[in-house]
Amino acid sequence: MIYKIPKTYFLVSGSSEGHTPLNAFDGALLNAGIGNTNLVKISSIIPPHSTEIQPITFPQGAIVPTAYASISSEIPGEIISAAVAVALPRDDDQPGLIMEYSGRGNREVIELTAKNMAFEGMKMRQQETKEIKSISTEYKVKKIGAAFAAVVLWQ
Amino acid sequence: MIYKIPKTYFLVSGSSEGHTPLNAFDGALLNAGIGNTNLVKISSIIPPHSTEIQPITFPQGAIVPTAYASISSEIPGEIISAAVAVALPRDDDQPGLIMEYSGRGNREVIELTAKNMAFEGMKMRQQETKEIKSISTEYKVKKIGAAFAAVVLWQ
Amino acid sequence: MIYKIPKTYFLVSGSSEGHTPLNAFDGALLNAGIGNTNLVKISSIIPPHSTEIQPITFPQGAIVPTAYASISSEIPGEIISAAVAVALPRDDDQPGLIMEYSGRGNREVIELTAKNMAFEGMKMRQQETKEIKSISTEYKVKKIGAAFAAVVLWQ
């Protein structure tokens with residue numbers, strides 16, 4: 001195996017104002033508690049028999065495989081939201097599926113969309129969904145803002 | 001070495017309808033046979049002395065370095081295509097080059113473009129091309145669809 | 001740990017003309033000296049106690065975690081620039097922060113923006129900046145061109 005298969009995961013979200021869109025994204029990562037790591041974006045599977053854990057503090061600069069949604073905006077007053085959802089199958093030997101969604105608007109709508117996406121993805125796999133976990137964040141932009149939600153995989 | 005250097009690779013492609021563009025992308029990955037993995041996007045080299053293998057079934061949730069092209073569309077009736085091409089050098093001690101291309105239109109055009117790109121990339125390296133391998137897929141969108149083509153690297 | 005934590009880093013930049021935007025990007029990577037590697041994009045931390053090194057020649061096809069800015073253009077005569085900046089904290093036990101920026105215009109402006117972004121990101125962490133390192137490249141497009149700047153992390 002080139003990489004070890006992750007065995008644990010957790011959900012986090014955060015939002016921030018920033019000097020630039022990338023600074024706002026960086027601030028949202030800090031707000032989510034994973035701002036001092038090196039995120040590597042992955043598409044988007046929870047290995048079977050994985051365990052959800054409480055968010056952990058990684059060694060600074062650790063390289064961390066993460067499925068995430070993010071959105072930034074430079075429109076003062078705009079509401080932006082980001083969400084991730086994890087659908088877990090009834091059959092424990094099957095993988096879970098992560099879906100990411102972000103957009104303008106309230107977190108309820110964005111998070112529901114992410115949950116529906118995860119549910120639909122399990123149907124596409126002909127798997128019955130046992131449970132859907134999700135997290136989202138909503139942010140009202142002052143000048144430049146970002147919202148971020150993630151499923152972080154770990155050993 | 002932080003990561004092991006890959007020693008094998010294979011080409012896959014797939015397409016799908018989906019509930020959302022991301023669901024269609026997920027479906028295209030499933031159709032390509034790598035839907036239950038965690039793809040990490042890489043730019044885009046076949047290590048020297050690598051071997052092409054038949055597509056393998058990865059452990060579910062494995063993290064897999066992959067060079068890929070993808071496109072989604074929400075325009076009913078639209079034809080979308082995705083292709084990857086691998087140019088292999090006459091000098092076996094040199095690396096191969098992967099190029100990705102996607103767009104509206106028939107797969108023949110999109111795949112030929114990817115092949116030309118790979119050939120041009122070898123010229124830029126002053127390497128003579130021994131062989132070009134490629135794969136593509138074409139999809140006619142019903143409501144929301146995606147096309148995907150990839151070179152997957154493995155140990 | 002799924003991945004080892006990087007211990008060294010270096011800054012590179014490059015630019016190129018190309019047959020397509022992706023070929024120009026590939027050429028810019030070659031020009032930067034890392035064209036025969038598999039870059040994996042990361043967000044964007046220098047682990048504490050890391051050492052800056054001279055750019056090294058990687059094994060061909062190595063998978064390399066990299067924070068980068070890139071821009072391509074198909075407008076003849078247009079000036080494009082890409083920059084990265086690394087802010088290092090006075091407190092050696094804290095991580096450094098990488099920021100990436102690219103755009104139309106001269107490298108001085110783009111590089112200064114990246115430096116400001118890195119400085120602002122340290123302020124957001126309530127860390128005093130000891131030093132900012134940066135690199136940039138500027139390119140005048142003939143037909144299709146790309147500019148690229150990166151911080152490469154290594155073991």
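The values are calculated or read from the model by the stated rules, or taken from the named source; none is laboratory data. Predicted, not measured: the structure shown is a model, and the values here were computed from it. In this analysis, Cβ positions are derived from the backbone assuming ideal geometry, glycine residues included, and neighbour counts consider all displayed protein chains. Note: accessible area is taken over every heavy atom of the protein model, side chains too, but ligands, DNA and RNA are not part of it. Shrake-Rupley method; radii C 1.70, N 1.55, O 1.52, S 1.80 Å.
Name the single residue, out of those in the stretch C:21-41 being open to solvent by 10 Å² or more (accessible area, probe 1.4 Å) and within 12 Å of the chain's Cα centre (by Cα), that is farthest from B:Leu97 (Cα to Cα).
Once the filter is applied, the top-ranked residue is C:Lys41.
Quick test for you: out of B:Gly145, B:Gly96, pick the one residue that is closer than 18 Å to A:Ser43 by Cβ and touching a strand residue (DSSP E or B) at 6+ places or on another chain (Cβ under 6 Å).
Exactly one residue qualifies, and that residue is B:Gly145.
Conditions: (1) within 12 Å of chain B (Cβ to nearest Cβ); (2) among the β-branched types (Val, Ile, Thr); (3) free of Cβ contacts under 8 Å to residues at least 60 places away in the same chain. A:Val64 meets all but one. Number of the miss?
Only one criterion is unmet by A:Val64, namely (3).
Give me the pairs, please: first residue somewhere in the stretch A:99-124 and more than 10 Å from every other protein chain (Cβ to nearest Cβ), second residue anywhere and aliphatic (A, V, I, L, M) and open to solvent by 20 Å² or more (accessible area, probe 1.4 Å), beta-carbon distance under 6 Å, and either six or more positions apart or on two chains.
Qualifying pairs under 6 Å: A:Ser102/A:Ile71; A:Lys115/A:Ile132.
So C:Ala149 ticks every box in (1) free of Cβ contacts under 8 Å to residues at least 12 places away in the same chain; (2) assigned to a strand (DSSP E or B) but one. Which box is left unticked?
Every listed condition holds for C:Ala149 apart from (1).
Residue by residue through the stretch C:79-95, note down the ones that are open to solvent by 30 Å² or more (accessible area, probe 1.4 Å) and either in contact with a helix residue (DSSP H, G or I) (Cβ under 7 Å, 6 or more places away or on another chain) or away from chain A (no Cβ under 14 Å) (or both).
Of everything in the stretch C:79-95, those that are open to solvent by 30 Å² or more (accessible area, probe 1.4 Å) and either in contact with a helix residue (DSSP H, G or I) (Cβ under 7 Å, 6 or more places away or on another chain) or away from chain A (no Cβ under 14 Å) (or both) turn out to be C:Ile79, C:Arg90.
Surrounded by 14 or more Cβ atoms within 10 Å (Cβ to Cβ) and within 23 Å of B:Glu120 (Cβ to Cβ): does that describe C:Tyr101?
no
A quick yes/no check of all residues on (1) of a type in the set (A, V, I, L, M, F, W, C); (2) surrounded by 13 or more Cβ atoms within 10 Å (Cβ to Cβ); (3) part of a strand (DSSP E or B):
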residue: A:Pro48; (1), (2), (3): no, yes, no
residue: A:Thr57; (1), (2), (3): no, no, no
residue: A:Gln60; (1), (2), (3): no, yes, no
residue: A:Thr66; (1), (2), (3): no, yes, yes
residue: A:Ser72; (1), (2), (3): no, yes, yes
residue: A:Leu97; (1), (2), (3): yes, yes, yes
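Taking the condition within 23 Å of A:Gly61 (Cβ to Cβ) and modelled with pLDDT of 95 or more, does C:Leu97 pass?
yes
List the number of the failed condition for C:Asn23; all other conditions in (1) more than 10 Å from every other protein chain (Cβ to nearest Cβ); (2) farther than 30 Å from A:Trp154 by Cβ; (3) touching an Asp or Glu at 6+ places or on another chain (Cβ under 7 Å) hold.
Single failed check for C:Asn23: (1).
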